[in-house]
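Have a look at the structure below, then the notes.
The values are calculated or read from the model by the stated rules, or taken from the named source; none is laboratory data. All values reported here derive from a predicted model rather than from experimental measurement. Glycine also receives a Cβ, built like all others from the backbone with ideal geometry; neighbour counts cover every protein chain displayed. Accessible surface areas use protein heavy atoms only, side chains included; no ligands, DNA or RNA. Shrake-Rupley method; radii C 1.70, N 1.55, O 1.52, S 1.80 Å.
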Amino acid sequence: METTVAAVYCEGWNGALVNPLTADRAESRDSAGEPYTVVLLAGGRPHFVLDISWAEGYVGVTRLGTGGRTIATHELRRAPEGDLFLRVTTTSDRPSRHRTTWQIGGLRIDSIESTGARGGPHTLSDLGRTPPRLPIPAFGRWKALLDRTGRVHAEICTGPYREECTVPVETDGPFQIVDDGYHVLPVSASGERPWHPPRPKRPRGLDTLFRNGAEGSADGRRMSISTFPAGKLNLPSGRLVAADPTRFDRDPESFRTTVTPGTYPVTVSLASFTDDPEHRFVAAVRLDVADRRPVTWEMALRDGQDPFDLGYGEFFGFTVETGIACFVDEDHLGRISSEGTDLELTRERFTNQADGDLIAWSSGWGDGYYPTWIGRDHSGRVVTFVADMLLFDQEG
């Protein structure tokens with residue numbers, strides 16, 4: 001038997017419709033890839049909430065029970081082939097919880113929590129498990145999306161997982177969707193976006209960071225850029241590592257993207273307060289692999305890191321705990337770690353050690369977590385790595 005659900009539109013749901021939208025306005029946002037929310041009512045009660053942002057290839061599906069309690073959540077992401085795949089699904093039945101995460105490559109990870117007779121939380125993983133997939137739906141045509149997510153928990157609790165599922169297995173749907181111009185839901189107004197799509201941090205102004213005389217703002221104060229050559233870095237394996245040079249014992253890993261083994265020039269970007277030039281801070285450090293202009297930028301990743309795991313404004317980076325960061329080849333980690341590092345930074349706040357086997361610098365404002373960006377040319381070839389010290393005021 002089909003369940004009829006009526007669609008109303010807004011910018012977000014928090015127990016009320018935040019900044020309601022007309023169907024035409026919601027459809028315009030859908031076409032433009034802008035975030036919006038659909039609340040689907042069954043019998044006048046919210047049954048599903050869809051948070052949609054096609055610019056990020058994202059739709060979040062939340063199933064609500066009586067009293068507005070969340071029963072299940074599903075996160076679908078756009079696959080490289082252009083369709084949607086189910087990245088994460090979570091089903092709850094107090095006090096139990098079953099969360100399943102899929103990777104495109106076929107890895108499935110189940111995290112099962114229960115305070116019942118089956119014991120505490122435990123995790124299972126399995127290769128060769130294809131995530132559920134479906135085409136990206138046109139505006140208003142979410143039936144296949146609802147039907148698919150409505151039965152996913154029943155589908156994942158089969159075979160070897162049957163005995164592990166602690167949340168009661170049930171299906172929801174099928175569904176028929178209609179627009180609803182009338183509702184009695186509470187409404188609220190907000191000047192802030194009530195939810196953010198999972199849009200990882202993006203690089204901003206990297207070219208400006210290496211333009212002498214360029215200015216930026218930090219905590220309301222103006223700073224001016226100067227650049228300095230830091231010599232050349234030896235990369236005998238082509239596997240670059242960004243890390244705290246005093247923490248090599250924690251086994252820092254190289255970036256997944258490698259380059260041809262060789263020796264490459266490094267440039268340091270230094271920022272000084274315009275009203276106090278003696279106070280200087282490293283804004284960024286650039287390693288140039290080729291003498292070509294980057295036209296696209298991407299986050300440098302290590303093995304096991306997946307951008308689908310990042311939320312709004314988040315990034316993968318490297319940790320600094322002693323106020324100093326460095327670039328080094330992976331093949332040099334063991335030797336430099338065993339020999340130790342005696343780093344004396346120049347007035348320009350950097351040093352070239354061991355004839356170019358390590359280049360270290362003062363890390364922005366100090367300890368923290370910093371991203372590295374990879375620049376590519378028109379052909380997709382790597383031309384540069386930039387360690388961003390997040391010195392200037394930035395948005396996510």
For a quick protection proxy, order the peptides 236-242, 301-307 by their average other-Cβ count within 10 Å, most packed first.
236-242, 301-307
Quick calc, the stretch 19-100, dipole around Cα centre from Cβ unit charges on Lys, Arg (+) and Asp, Glu (-), nearest 20 debye, gives 520 debye
Radius of gyration, Dmax [the stretch 185-331; alpha carbons; angstrom]
18.6, 64
Label-point gap, in nm, between residue 322 and residue 377 - each point 7 angstrom along Cα→Cβ
3.8 nm
May I ask for the distance between the Cα centers of the stretch 142-170 and the stretch 268-282, given as a whole number of Å?
57 Å
Using unit Cβ charges (K, R positive; D, E negative) and no other charged atoms, how large, in debye to the nearest 20, is the dipole of the chain about its Cα centre?
820 debye
Gained length - residue 309 relative to residue 193, 0.36 nm times residue gap less alpha-carbon distance:
39.6 nm
Under a Cβ-only charge scheme (Lys and Arg +1, Asp and Glu -1), can you give me the dipole magnitude of the stretch 231-372 about the Cα centre, in debye to the nearest 20?
420 debye
For residue 155 the rounded accessible area (nearest 10 Å², probe 1.4 Å, non-protein molecules ignored) is 70 Å²
Rounded to whole Å, give me the distance from the Cα center of the stretch 300-337 to that of the stretch 13-82.
35 Å
The whole-number value in µm²/s of the Stokes-Einstein translational diffusion coefficient for the stretch 40-104, with Rh from the Kirkwood sum over alpha carbon pairs at 37 °C and 0.692 mPa s, is 256 µm²/s
Förster radius 25 Å - calculated FRET efficiency between residue 143 and residue 70, Cβ distance, rounded to 0.05
0.70
Under 19 Å from a point placed 7 Å out from the Cα of residue 126 along the Cα-to-Cβ direction: which residues of the stretch 153-194 have their backbone N that close?
153-171
Using alpha carbons only, what's the Rg to Rh ratio of the stretch 300-396 with Rh from Kirkwood?
0.99
Once amide H atoms are built 1.01 Å from N in the peptide plane, which residues 5 or more positions from residue 383, or in another chain, come under 5 Å H to H?
375, 376, 377
Test of understanding: what is the full-extension gain from residue 290 to residue 133, defined as 0.36 nm times their sequence separation minus their Cα-Cα distance?
52.6 nm
What accessible surface, in Å², does a 1.4 Å probe find on residue 254, ignoring ligands, DNA and RNA and rounding to the nearest 10?
20 Å²
Can you tell which of 191, 390, 65 lies farthest toward the positive end of the dipole of the chain, using +1 and -1 charges on the Cβ of basic and acidic side chains (Lys, Arg; Asp, Glu)?
65
Helix 23-32 vs. the chain, principal-axis angle (Cα, 0 to 90°, nearest 10):
30 degrees
Find how much the distance from residue 249 to residue 22 grows on full extension, using 0.36 nm per residue of separation minus their present alpha carbon separation; answer in nm with one decimal.
76.0 nm
